[in-house]
Amino acid sequence: SFVTVLLGEVVAWMRRQSGTGSLRAILYMDEIFGYFPPTAEPPSKRPMLTLLKQARAFGLGVVLATQNPVDLDYKGLANAGTWFIGRLQTERDKDRLLDGLSGASTASGARFDRAAMDRLLSSLGSRVFLMNNAHEDAPIVFHSRWALSYLRGPLTKPQIQALMAPRKQAAAKVSATQAEVAPAAAGAPTIAASAASAATTGRPILPPEIKESFARPAQERSAAAKGLRIVYRPTLATEARVHFVDAKTSIDTWQTILISTPISDVDALWEESQIALAGSANSGASAAVDTNPIAGASFSELPGIALRAKSYEAWAKAATGHVYQSHTLTIWKSKQYGLASKPEESLGDFKSRLHMAAREGRDAEMEKLRQKYAPKLAAQQERKRKAEERVGKEEEQHSHARTGSVITTGVSILGALLGRKLSSSGNASRLGSAARSMGRTSKEKEDIARAKRDLEVEAEKLADLERQFQADAASMQSTAEAEVEEACLRPRKSDISVGRTSLLWRPFGVDKQGIAEPL
């Protein structure tokens with residue numbers, strides 16, 4: 001059930017991303033047995049198949065690992081572009097894998113030699129793997145690097161006790177120190193807030209035009225446990241809608257904000273107000289409210305100005321000016337990539353988007369670099385191949401010349417030994433041919449040496465070209481973090497709409513010394 005829910009969330013996240021050809025993330029799952037079988041239909045199978053078919057278009061890679069190829073559905077095998085194949089234990093596993101490789105090769109239009117692949121899979125040893133990549137012409141055999149882990153493994157209980165003993169001793173010393181300091185400080189009062197203002201015993205009576213509500217205390221139980229007396233203090237609360245528009249960054253959004261501010265004897269103190277986005281929990285303005293107060297709570301004295309309905313209309317107009325002056329929309333920009341954050345996008349998310357843009361740009365530059373070097377590398381490889389062919393041809397000619405020289409010399413020697421005169425015209429002719437053959441043999445040796453020197457030169461040129469390509473590619477891999485600038489968008493006054501301003505009673509807990517703290 002957990003794997004199914006997780007895969008469903010990954011699919012939902014994937015569909016919220018923009019399409020890209022660069023790798024954005026990797027979903028890796030080991031021991032896939034039972035989650036993606038070839039015949040059964042567990043709940044985890046459908047989202048996994050969806051990821052294998054569609055995730056690459058959104059920059060999400062999927063890596064699945066198993067000990068047996070029969071654990072995977074054939075559709076999943078067909079959608080896997082790269083296979084890493086190790087030593088197989090049974091013929092059934094090998095046959096299943098050969099069928100999958102054959103199907104993948106047929107789909108890509110590549111030639112597949114089943115017999116040769118069968119022999120190759122049978123010869124794989126320990127730590128030797130076969131990589132079949134859809135972008136390569138043929139499978140590649142490689143060795144994994146030797147690795148050794150020095151981690152001992154799970155700790156035993158005695159080992160945990162030995163590791164934790166110093167920490168327990170340090171914690172015991174700290175506790176003893178705090179116990180000595182506590183009695184000395186017991187008599188000193190703690191200043192948690194300003195002294196509680198005088199409170200009336202009853203709830204003020206308001207005109208019907210004035211709407212009032214009561215903020216619900218989040219710490220009511222803890223206040224009762226501490227023996228605190230609950231006192232409501234008057235504040236103003238209003239809701240405003242603000243419109244932010246910026247053509248350069250293509251921002252056109254509305255925000256609903258909640259404002260809460262205390263009331264003085266003369267006016268509302270908007271400069272001390274708290275502003276929060278609707279639905280957030282970082283301001284008292286966004287607290288849950290009730291229509292009735294807590295039983296037994298008392299109320300601070302309500303200023304006379306707050307008993308007149310016209311005061312709330314004036315305060316609403318003042319709130320518009322305060323929002324215009326103080327509330328802005330913070331966004332982040334990157335001149336390097338010409339991007340700006342979205343209205344509700346955090347700085348971390350924006351930097352992640354910039355990082356993805358950098359990777360996409362790097363991948364595009366890498367592709368241009370490959371296209372730039374591809375014809376050069378192909379031409380140099382062809383020159384090297386021709387040089388190798390020339391070396392082989394010269395060696396073959398030298399072999400033929402040496403054989404002919406040996407035969408001619410042998411015939412001359414045999415003719416002299418069998419009674420013919422050494423100075424006869426036939427022997428002289430044959431000895432002359434032998435000498436010429438020896439000369440040709442020496443010349444062929446020089447040609448071979450010359451051809452090998454040419455081959456070394458062409459091989460060195462190819463190596464230099466490959467090193468140059470690797471150096472250019474390495475310089476593209478190191479991308480510096482993009483610089484981000486903060487910008488603040490200010491709304492127009494005509495784009496601010498302030499709703500009805502009401503009286504909001506906020507609860508405070510007052511102790512026996514008269515120290516109040518907001519609840």
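The values are calculated or read from the model by the stated rules, or taken from the named source; none is laboratory data. Since the model is a prediction, treat every value here as computed from it, not as a measurement. Every residue, glycine among them, receives a Cβ derived from its backbone with ideal geometry; neighbour counts consider all protein chains shown. Ligands, DNA and RNA are stripped out before the accessible areas are found, and what is left, the full protein with its side chains, is counted by its heavy atoms. Shrake-Rupley method; radii C 1.70, N 1.55, O 1.52, S 1.80 Å.
Summary table below
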{"quantity": "Selection count, region 327-350, where residues are open to solvent by 70 Å² or more (accessible area, probe 1.4 Å) and within 18 Å of residue 16 (Cβ to Cβ)", "calculated": "3"}
{"quantity": "Answer residue from region 65-89, given it is within 14 Å of residue 50 (Cα to Cα) and not in a helix (DSSP H, G or I) and is most open to solvent (accessible area, probe 1.4 Å) among those", "calculated": "80"}
{"quantity": "Selected residue (only one of 315, 332 is under 36 Å from the mean Cα position of the chain (by Cα) and either assigned to a loop (DSSP other than H, G, I, E, B) or not hydroxyl-bearing (Ser, Thr, Tyr) (or both))", "calculated": "332"}
{"quantity": "Any hit, region 337-344, residues being in a helix (DSSP H, G or I) and touching a residue at least 60 places away in the same chain (Cβ under 8 Å)", "calculated": "no"}
{"quantity": "Neighbours by Cβ (under 6 Å, 6+ apart or cross-chain): first from region 126-143, within 15 Å of residue 103 (Cα to Cα); second open to solvent by 60 Å² or more (accessible area, probe 1.4 Å) and outside any strand (DSSP E or B)", "calculated": "134/108"}
{"quantity": "Residues of region 53-68 classified as closer than 15 Å to residue 29 by Cα and not small (Gly, Ala, Ser), total", "calculated": "7"}
{"quantity": "Region 494-519: number of residues that are closer than 19 Å to residue 290 by Cβ, in a loop (DSSP other than H, G, I, E, B) and among the basic types (Lys, Arg)", "calculated": "1"}
{"quantity": "Residues of region 127-148 that turn out to be over 22 Å from residue 81 (Cα atoms) and open to solvent by less than 80 Å² (accessible area, probe 1.4 Å), as a count", "calculated": "1"}
{"quantity": "Selection status of residue 242, more than 26 Å from residue 344 (Cβ to Cβ), at pLDDT 80 or above, open to solvent by less than 20 Å² (accessible area, probe 1.4 Å) and assigned to a strand (DSSP E or B)", "calculated": "no"}
{"quantity": "Answer from 184, 179, 224 - the residue that is modelled with pLDDT under 70, out of contact with any helix residue (DSSP H, G or I) (no Cβ under 8 Å at 6 or more places or on another chain), in a helix (DSSP H, G or I) and open to solvent by less than 80 Å² (accessible area, probe 1.4 Å)", "calculated": "179"}
{"quantity": "Contacts under 7 angstrom Cβ, first residue in region 99-120 being farther than 24 Å from residue 143 by Cβ, partner open to solvent by 90 Å² or more (accessible area, probe 1.4 Å) and modelled with pLDDT of 75 or more, 6 or more apart", "calculated": "102/114"}
{"quantity": "Residues of region 131-148 classified as in a strand (DSSP E or B) and of a type in the set (A, V, I, L, M, F, W, C), total", "calculated": "4"}
{"quantity": "Flag for residue 101 being surrounded by 15 or more Cβ atoms within 10 Å (Cβ to Cβ) and either modelled with pLDDT of 85 or more or not in a loop (DSSP other than H, G, I, E, B) (or both)", "calculated": "yes"}
{"quantity": "Matching entry among 92, 56, 96 (being assigned to a helix (DSSP H, G or I) and surrounded by fewer than 16 Cβ atoms within 10 Å (Cβ to Cβ))", "calculated": "92"}
{"quantity": "When residues of region 15-38 are limited to those that are charged (D, E, K, R), part of a loop (DSSP other than H, G, I, E, B) and out of contact with any Leu (no Cβ under 8 Å at 6 or more places or on another chain), the one most open to solvent (accessible area, probe 1.4 Å)", "calculated": "16"}
{"quantity": "Hey, residue 260 open to solvent by less than 30 Å² (accessible area, probe 1.4 Å), touching a Gly at 6+ places or on another chain (Cβ under 7 Å) and at pLDDT 80 or above or not", "calculated": "yes"}
{"quantity": "Test: residue in region 354-367 that is more than 20 Å from residue 482 (Cα to Cα) and touching a strand residue (DSSP E or B) at 6+ places or on another chain (Cβ under 6 Å)", "calculated": "no"}
{"quantity": "Breaking point among (1) open to solvent by 30 Å² or more (accessible area, probe 1.4 Å); (2) part of a strand (DSSP E or B), for residue 61", "calculated": "(1)"}
{"quantity": "Residues (touching a Ser or Thr at 6+ places or on another chain (Cβ under 8 Å) and without any contact (Cβ under 8 Å) to a residue 60 or more places away in the chain) located in region 209-262", "calculated": "258, 261, 262"}
{"quantity": "Residues that are at pLDDT below 85, surrounded by 10 or more Cβ atoms within 10 Å (Cβ to Cβ) and either assigned to a strand (DSSP E or B) or not small (Gly, Ala, Ser) (or both), drawn from region 149-172", "calculated": "155"}
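Quick grid of which residues meet (1) at pLDDT below 85; (2) farther than 30 Å from residue 488 by Cβ; (3) touching a strand residue (DSSP E or B) at 6+ places or on another chain (Cβ under 6 Å):
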| residue | (1), (2), (3) |
| --- | --- |
| 228 | yes, yes, yes |
| 231 | no, yes, yes |
| 249 | yes, no, yes |
| 254 | no, no, yes |
| 264 | yes, no, no |
| 275 | yes, no, yes |
| 308 | yes, yes, no |
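Residues checked against (1) in contact with a strand residue (DSSP E or B) (Cβ under 9 Å, 6 or more places away or on another chain); (2) open to solvent by 90 Å² or more (accessible area, probe 1.4 Å); (3) at pLDDT 65 or above:
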| residue | (1), (2), (3) |
| --- | --- |
| 373 | no, no, yes |
| 403 | no, no, yes |
| 416 | no, no, no |
| 425 | no, yes, no |
| 437 | no, no, no |
| 479 | no, no, no |
